[in-house]
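Quick notes on the structure that follows.
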Amino acid sequence: MPQTEGARLFRETWIAGVHQHFPGEPKPGYVTPWADTPQWERDAAGSVYEQVRQFVKLSGGHTSRLSREQKGRFVAMCWTAQVYKQFEAPKPGYVADWPELPTWQQETDSDIFEAIEKAVD
């Protein structure tokens, strides 16, 4: 899957996860459709997709043995690196470590890993 399609998979899985796991009504920015997503977020989504794809490939497919938490932590760490790449001084919430992330975000990050894992040939 090309990186652009992978970025869209990332974003669509994020939106689905927010709708499934977020308590109450999510902020509009959390569920912005792909066409309206800022370019930096598209680029970051593509980069994280590619990092997860390569991780799955290089593990010989054995990422299936990782826990959901381990999968989500990997996505969260890759995303944090992309935020630091885009912003000199990001808001602390944008770069929070795994234990500080809300449960809905942890679950959504785990969903993203599993969606990418499934898409890898």
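Each reported figure results from applying straightforward, stated rules to the coordinates on display, with no laboratory input. This structure is a prediction, so every number in the text was calculated from the model and none was measured. Neighbour counts run over all protein chains shown; Cβ positions are idealised from the backbone, glycine included.
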Original post:
Of the GluC sites (Glu not before Pro) in the stretch 1-104, which ones lie in a loop per DSSP and count no more than 15 other C-beta atoms within 10 Å?
Top reply: Glu88
Subject >> Coarse-grained scattering of the stretch 1-115 at q = 0.12, 0.14 Å⁻¹, given as base-10 log I(q)/I(0) from a Debye sum over alpha-carbon atoms >> reply: -0.39, -0.54
**OP:** Identify the chymotrypsin sites (Phe, Trp or Tyr not before Pro) of the stretch 61-121 meeting these criteria: DSSP loop state and at most 14 other C-beta atoms within 10 Å of the C-beta.
**Re:** Phe87
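Go ahead and estimate [θ] at 222 nm for the chain from helices alone: -39,500 (n - 2.57) per DSSP H run with n ≥ 4, summed, over the residue count, rounded to 500. Spell out each step's value before the answer.
Working: 4 runs with 75 residues, N = 121.
My calculation for the chain gives -21000 deg cm²/dmol from helical runs alone.
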Subject >> Simple label model, 7 Å out from Cα along Cβ direction - Trp40 to Gln20, nm >> reply: 2.9
Subject >> Environment charge of Lys85, counting only residues whose C-beta is closer than 14 Å and scoring Lys/Arg +1, Asp/Glu -1 >> reply: -3
